[in-house]
Amino acid sequence: MSRFDILIVGAGSSGAAIAARASENPNLSVCLVEAGPDYPDLARTPFDLINSHNNSYNDHDWKFRYEPTEGRSVIFPRGRVVGGSSAVNTTIALRGVPEDYDEWASAGNPEWTWEKVLPAFRRLERDLDFGDDPWHGDAGPISIRRYPREELTTPQAAFLDASDRLGYPHCADANEPWGFGAGPHPMNKLGRLRISCAVGYLAPARIRPNLTIKAHSHVSRLVIDSSRCTGVEILDESGKTERIEARLVVCSAGALQTPTLLMRSGIGERSQLEHHGIRCVRELVGVGKNLSDHPALSVACRGKEGLKVDHDAPIIQTILRYTAPGSDKRNDLQIEQISFAGKPGGPPMFAIAAVLEYQYGRGELLLSSADPLAAPIVRNRFCEDERDLTRLVGCMQDTLRFAATSPLKGMTESIAFPDPARGTDTATLASLCRKLSASGYHPSGTAKMGPKEDAMAVVDQYGRCHGVDGLVVADASIMPSVPRANTNLTCIMIGEKVGEWLRTRPTQYGL
Ligand SMILES: Cc1cc2nc3c(=O)[nH]c(=O)nc-3n(C[C@H](O)[C@H](O)[C@H](O)COP(=O)(O)OP(=O)(O)OC[C@H]3O[C@@H](n4cnc5c(N)ncnc54)[C@H](O)[C@@H]3O)c2cc1C
C-alpha cells in the first residue's frame, strides 16, 4: 500500500493547479488521482483535446445528465481525463467581477475578497495582450489571448458591428475589473491548441520526483476512520480495488462528482445516506445543495444562401457583458455569438446565446445509488426564481434585437428559434426559458465554503471539511455562488490559492 503526504482526487482545473503548486515544495509527496486517461505529451494527445475550436463532448466525458424543471433530461458534459473539464472546454478565459468574490468574503470567507483573489488570478495567467496592466499577469502557466479583428469569423465580426449599432460600448479587455460592453473574448488557446491545465500546469510539473500522476483510477470512496480521512479506495479499469493512504486528501472531483463522492463516503444529509444504506460518518446537510449555474437559451438563425459557415472555425470569439435594466448586479447578463449551428453540410446556420450570469435560484444534486460508478441525479431548477426568469427573458429580447440589426440582419434568412410564428412576446419567451433554458456547463456551489455556524457550509474558507480531519475540498463545489463569468479561471484561481497554502503553510492542514 502506498502512502503520500497529499492525495488529490481529480486532475481538473483546480486539482491540476493544486498538484503543481503543492509539489513545488520538495518536502511534500503528492499523488494526483484521475479516473480518466493521461496523455503525457502532445504527440499522444487525441485531437478532440487539442482542438479548442469546439468542445469535446464524447470521447472524454462522464455521460451525465440533468433534469430540467420542465421537459426532458439533457446531457451535462464534464471532462474525464487528466486536465478535467479544462481539457474539453471552449477556452473562454473570463474572470468574475470583483463583487462576486467580495460577496463570497462577506458570507464569512474573508480570504476570498477581490483584493485577495487578484494575486492568484494574476499568477495563473500569461496575458499576451494586456500582461503589463496592474490587474494582469504575464508569466503564469495559462496563456491567454484575444482574437484580433482580422481573425474573427464573419458572424463574430458582424456581432461586434451590430453591437456598435445597438449602442453598446466597445470593451477591448473583458477581464478589466470594472469593464463592460462588447469585444473579443479572452481565451486560453494558442491557435487551435487548448491550453488546458494538463498543458499549462502538469506538463512542466510532471518531471518532479515528488509528484505521482495516477490515471485510470476511479476513487470509489474516501476512507474515514472515526472523524479522520486517512486515504481513498480506488477502482482501476479492470475492476480491481486498491487502497492508497495519505496524510491529507484533497477532493477536486468537480461540482458534480465531489458531493457524490462525499455522500458515498458517509458525509452528507443523514436521511439521504441511510436511504441508500450508507452509514453516516458526519452529517453535513449542505452536501449536494446550493447548485448554482448559468442558464442560457439561444436564438438560432438560418443564414442567407451563399453565407459561408465553417463548422471547423472557432465556435466562440466575442462577448457582450452588460447589466439588466434596474438590476443592482453589475454585468449580470452575457450575449455571445456562436459561429455555426445545425449540422455540418446542412443549410448555413449560426446562433446568438443569451446567458444569465447572476443566478438567484439554486438547484440540487442527489445520490442515485451507493454504486460508486452511478451518475448523480442533478436538478438545476433553472428560471424557477422570478428574478432569474425576468432577466433571462429580457436578455432573449436583447438577443433577438441583435439578429434584427445589421450586419447580422443582412446575413439572416429567417429565425429558426424561437419560432416567430409562435410569437416572441414576454409570456411566450418565459415559457421557453422555463422549458428549454440549458446549463452553461458551469455547475458550482455543491459543497460550499463558510463558517461552521452556517448550517449549509461544508468546508471552511481554507477548504477544510467541517468535522472531518485530513479532508479538504477545493474545486467549483466550494464557491458559495457561481461568479458572473465562465468558471474555468475561477476554478484555477481556487487551485492556485489552496495549492499555495499547502506549499507555504502545510501545518495549517496538519502536515
Ligand atoms: C463542454 C464544456 C465547456 C466549457 N467551456 C468553458 C469555457 O469556455 N470557459 C470556462 O471558463 N469554463 C468552461 N467550462 C466550465 C469549466 O471548464 C469548469 O467549470 C471547470 O473546468 C471545473 O473545474 P473543476 O476543477 O471544478 O472540475 P473538473 O475540471 O471537471 O475536474 C474534475 C476532475 O475530477 C475527475 N474525477 C471526478 N470524479 C472522480 C473520481 N471519483 N475519481 C477520480 N477522478 C475523478 C474528473 O475526471 C475530472 O478530471 C466548460 C465545461 C464544459 C464541460
Those residues of the stretch 296-321 whose amide nitrogen sits under 20 Å from the label point placed on K409, 7 Å along Cα→Cβ
299-305, 307
With a cut-off of at most 10 other beta carbons within 10 Å, and DSSP calling the residue loop, which chymotrypsin sites (Phe, Trp or Tyr not before Pro) in the stretch 142-180 qualify? Please list them.
W178
I want the antiparallel fraction of DSSP beta bridges within the chain, as a percent rounded to 5.
70 percent
Run a plain Debye calculation on the stretch 358-498 (Cα atoms as equal point scatterers, no solvent) and give log10 I(q)/I(0) at q = 0.12, 0.13, 0.17, 0.18 Å⁻¹, rounded to two decimals, same order as the q list.
-0.68, -0.76, -1.04, -1.10
For the stretch 427-434, in residue order, the Karplus 3J(HN,Hα) values (coefficients 6.51, -1.76, 1.60; θ = phi - 60°; whole Hz; Gly and Pro = x) are 5, 5, 5, 5, 5, 5, 5, 4
Per-residue HN-Hα couplings for the stretch 90-99 [Karplus 6.51, -1.76, 1.60; θ = phi - 60°; Hz; x = Gly/Pro]:
7, 6, 6, 10, 10, 8, x, 7, x, 4
Within the stretch 290-307: backbone nitrogen closer than 12 Å to the T69 label point (7 Å, Cα to C-beta)
295
Distance between modelled label sites at R379 and W178, nm, 7 Å Cα→Cβ extension
4.3 nm
The stretch 1-69 to the stretch 211-231: how many Å between their Cα centroids?
15 Å
Cα gyration tensor shape of the stretch 74-212, rounded if a/c is under 1.5, else prolate or oblate by comparing a/b with b/c:
oblate
Using 21 Å as the Cα-Cα cut-off, could you pick out the over-long pairs in K116/K497; K189/K343; K116/K448; K189/K308; K448/K497; K308/K343?
K189/K343; K189/K308
Local charge sum around L160 (other residues, Cβ-Cβ under 14 Å, Lys/Arg +1, Asp/Glu -1)?
-1
Might you report the magnitude of the Cβ-based charge dipole of the stretch 98-247 about its Cα centre, with Lys and Arg at +1 and Asp and Glu at -1, to the nearest 20 debye?
840 debye
Find the all-direction average of the projected area of the Cα convex hull for the stretch 238-343, expressing the result in square nanometres with one decimal place.
13.9 nm²
How much length is gained if the chain between D469 and K240 is pulled fully straight, taking 0.36 nm per residue apart and subtracting their Cα-Cα distance, in nm to one decimal?
79.7 nm
Could you work out [θ]222 nm for the chain from helices alone, using -39500 (n - 2.57) per DSSP H run of at least four and dividing by all its residues? Round to the nearest 500 deg cm²/dmol.
-6500 deg cm²/dmol
In debye, nearest 20, what is the charge dipole magnitude of the chain about its Cα centre with +1 on Lys and Arg Cβ and -1 on Asp and Glu Cβ, if you could check?
700 debye
What is the angle, in °, between the Cα long axis of helix 254-264 and the longest principal axis of the Cα atoms in the chain? Nearest 10 is fine, range 0 to 90.
40 degrees
If you take the Cα Rg of the chain and divide it by 2.2 N^0.38 Å, with N the number of residues, what do you get?
0.94
Amide H contacts under 5 Å for L32, restricted to residues at least 5 apart in sequence or on another chain and with H modeled in the peptide plane, are I8, T212, I213, K214
Qualifying lysines (Cα of each under 24 Å from Cα of K240; at least 8 residues distant if same chain)
K63, K214
Within the stretch 3-109, report the chymotrypsin sites (Phe, Trp or Tyr not before Pro) that DSSP leaves as loop and that have at most 13 other Cβ atoms within 10 Å.
Y57
If I stretch the segment between D133 and D59 completely, what's the gain in nm (0.36 nm per residue apart, minus their alpha carbon distance), one decimal?
22.8 nm
Using 7 Å Cα-to-Cβ label points, what is the R3/L42 separation (nm, one decimal)?
4.2 nm
Using the Cα centre as the reference, give the magnitude of the dipole from point charges on the C-beta atoms of the stretch 1-56 (Lys, Arg: +1; Asp, Glu: -1; all else neutral), rounded to the nearest 20 debye.
80 debye
Out of A174, H185, A215 - ranked by how far each Cα lies towards the positive end of the dipole of the stretch 144-229, with unit charges on the beta-carbon of charged residues - the top one is A215
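Every number here is computed from the coordinates shown, using simple stated rules; none is lab data. Just so we're clear, the structure is a prediction, and the values are computed from it rather than from any experiment. Don't worry about glycine lacking a Cβ; one is built from the backbone with ideal geometry, like all the others, and counts go over all protein chains shown.
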